[in-house]
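Chemist: For reference, the structure I am asking about is given below.
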Amino acid sequence: MRSSFSTFLPLIAVLILVAVSISSGCSSQDEVNNATLGEINSIEKLADNRLIAIDFTTQDEIFYSQLGASETQYKEALDKLYALGPTFYLEGYGYEARIKSLQFKIDFLDVCSELAAVDDEAEAIFQTSTPEFRTGLVEVLNDYQNIRQRILFLQVMGGDIDKNLISSDYTQAIGVIRGELDAMLESLNSNISFLEEYR
């Protein structure tokens, strides 16, 4: 019996060492994942703070600069989150909700930039001759209609994000965006109605 136990003793020791090693490795990986998630959180928070402070009624160089800076940070955060994948600290539906909210913010800023550019084009066509005006008018109206569809899609997308699955640190911007989307749609509909009279 004693010799049998002494035969298994080295095996038990090896199993204990392997278990400790695996446990240590998991703990180390968790720390790396947590640090990466902390970096993602920091990047998204910086972008959120800038977005919340943007004056969407003043489309100047500062406006475009703020849009671009926040969009770049959101994309960086999203890329890092995709690379990280679900973790012990952010998994399942929580991970999916975070991905969706970042994409929502990116798409919103892209629509803002696109709408501002088409607004400038709409102003510019009134400074052109009649043939150019008519061509430009059709193009602007088509662009407005495409943007309108994107806004409607974003309104649905924003409503589908479960904010209960996301820390309140990152949901304030979602509320701001949903309010801006409503205002953008109202302004866009008004511009389309106005331009339709010149067709």
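Chemist: What are the residue pairs meeting all of these: first residue in the stretch 85-99, first residue more than 13 Å from Asn164 (Cα to Cα), second residue loosely packed, with under 15 Cβ neighbours inside 10 Å and not hydrophobic (A, V, I, L, M, F, W, C), Cβ atoms under 6 Å, and 6 or more apart or on different chains?
Modeler: Phe88/Asp30; Tyr89/Asn34
Chemist: Out of Gln155, Gln149, I need the residue that is under 14 Å from Leu109 (Cα atoms), at pLDDT 95 or above and of a type in the set (S, T, N, Q). Which one?
Modeler: Just one listed residue meets the conditions, Gln155.
Chemist: Which of the residues belonging to the stretch 105-156 are closer than 22 Å to Thr72 by Cα and aliphatic (A, V, I, L, M)?
Modeler: Ile106, Leu109, Val111, Leu115, Ala116, Ala117, Val118, Ile147, Ile151, Leu154
Chemist: Restricting to the stretch 122-178, what's the tally of residues that are touching a Gly at 6+ places or on another chain (Cβ under 8 Å) and farther than 25 Å from Leu46 by Cα?
Modeler: The total comes to 3.
Chemist: Quick test for you: out of Ser167, Ser187, Ser129, Ser101, pick the one residue that is at pLDDT 95 or above, of a type in the set (Gly, Ala, Ser) and either at negative phi or buried (at least 18 other Cβ atoms within 10 Å of the Cβ) (or both).
Modeler: When all the criteria are applied, what remains is Ser101.
The values are calculated or read from the model by the stated rules, or taken from the named source; none is laboratory data. If you're wondering where the values come from, they're calculated on a predicted model, not measured in any experiment. In this analysis, Cβ positions are derived from the backbone assuming ideal geometry, glycine residues included, and neighbour counts consider all displayed protein chains.
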